[in-house]
Amino acid sequence: MSRPRVLQAGPAMRALEAALAAQFDCHSLAKQSDPKRFLAEQGSTFEALVTSGKSGADGALMDALPALKAITHFGVGYDTVDVTAAAQRGIPVSNTPDVLNDCVADVAMGLLIDAARGLSASDRFVRRGNWLKGPFPLATRVSGKKLGIAGLGRIGQAIAKRAQGFDMAIRYHSRRPVAGISFQHEPSLAALADWCDFLVVIVSGGAATKHLVSADVIRALGPKGYLINVSRGSVVDEAALVDALVNKRIAGAGLDVFEDEPNVPQALMGLDNVVLLPHLASGTHETRQAMADLVMANLHSIFDTGKLLTPVPAPA
């Protein structure tokens, strides 16, 4: 019996590529010398598409794959997949939720502590030999402070759980209150920013949340407030954030994501009040393997049962 044909939209981790090659008739679009010609000649033979945040999947690609039964996305955020186009074509889409919650939450708290206590900045201070000239400036305490969370989904709740260990007061913003949650819901993100010492952003990306953290929200955070972003760069008005950091209208920031990755605003490079990470929140061996395993499980499920294990919600 022939193996199902799977198209890999772009590069993937080595273990996932090996599993795809071993268990399916898998071909990488990125490795084709002429991708358009390849799709024209063989696109109709593929039944599943494996993609990621970097590669995505738009309507044109789906049109080139008329036999497509499913799109399996490597990552919890799927804003680079046109889910509306997929729904119109009757193509279900899956992502990889839950398996990366802890690692992303760990990084969020790490960024928060680093931004407040100046860990990365103090490391540079020591390496430059500045300690020989005098002490490192005093920093900001974390324990007992007020934490605002923009987006209290699975990862947001994991962040809140960690913050409780630091005796932090917690409130959150979301489109509607989350059932079963005792933390105070704040309908206004600007009001939440005005209340909190640290604002952690962990909402989904996409058009609906573009620049949700606006200049007004950043202004409300104020000169003693910190912004931590582990969601998507598009969620924050990056120009307004850069301006606030340069002019010290907020105390600092911890950023794992940016609007035009891997291009980070040059103005941030020399600032000690911002911690810059290369979108690594889920980047551990354990989590990435679990994500790859879930992609494979979704593929087997769609071919064996006609259903995905972790389908994303249909667009409203």
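The values are calculated or read from the model by the stated rules, or taken from the named source; none is laboratory data. For clarity, every value in this text was computed on a predicted model and none was experimentally measured. Ideal geometry is used to build each Cβ from the backbone, glycine not excepted, and the neighbour counts take in all protein chains shown.
Residues in the stretch 70-92 that are in contact with a Pro (Cβ under 7 Å, 6 or more places away or on another chain) and not in a helix (DSSP H, G or I): Ala70, Val76, Pro92.
For the stretch 91-100, the criterion of being outside the structural domain of Arg154 (by TED's automatic domain parsing), more than 26 Å from the chain's Cα centre (by Cα) and more than 18 Å from Thr287 (Cβ to Cβ) is met by none of the residues. For the stretch 271-278, the criterion of being over 20 Å from Val104 (Cβ atoms) and in contact (Cβ under 8 Å) with a residue 40 or more places away in the chain is satisfied by at least one residue. Against the criterion of being crowded, with 21+ Cβ neighbours inside 10 Å, in contact with a Lys or Arg (Cβ under 6 Å, 6 or more places away or on another chain) and of a type outside the set (Val, Ile, Thr), Phe74 does not qualify. A count restricted to the stretch 243-277 and to residues that are surrounded by fewer than 18 Cβ atoms within 10 Å (Cβ to Cβ) and outside any loop (DSSP other than H, G, I, E, B) stands at 7.
Scanning the stretch 140-188 for residues that are surrounded by fewer than 14 Cβ atoms within 10 Å (Cβ to Cβ) and of a type in the set (Gly, Ala, Ser) yields Ser143, Gly144, Gly165, Ala179, Gly180, Ser182, Ser188.
Counting the residues of the stretch 203-225 that are free of Cβ contacts under 8 Å to residues at least 40 places away in the same chain, farther than 30 Å from Leu138 by Cβ and in a loop (DSSP other than H, G, I, E, B) gives 3.
Take the conditions (1) in a loop (DSSP other than H, G, I, E, B); (2) more than 25 Å from Leu49 (Cα to Cα); Gly283 misses just one of them, which is (2).
Just to be sure, is Val217 under 18 Å from the mean Cα position of the chain (by Cα) and at pLDDT 95 or above?
Details: under 18 Å from the mean Cα position of the chain (by Cα): no; at pLDDT 95 or above: yes.
For Val217, the condition - under 18 Å from the mean Cα position of the chain (by Cα) and at pLDDT 95 or above - is not met.
Given the residues Arg162, Arg171, which is the only one that is modelled with pLDDT of 95 or more, in contact with an Asp or Glu (Cβ under 8 Å, 6 or more places away or on another chain) and under 22 Å from Gly77 (Cβ atoms)? I'd like the intermediate steps shown before the answer.
Numbers: Arg171 fails: under 22 Å from Gly77 (Cβ atoms).
Step by step, each of Arg162, Arg171 is checked, and only Arg162 is modelled with pLDDT of 95 or more, in contact with an Asp or Glu (Cβ under 8 Å, 6 or more places away or on another chain) and under 22 Å from Gly77 (Cβ atoms).
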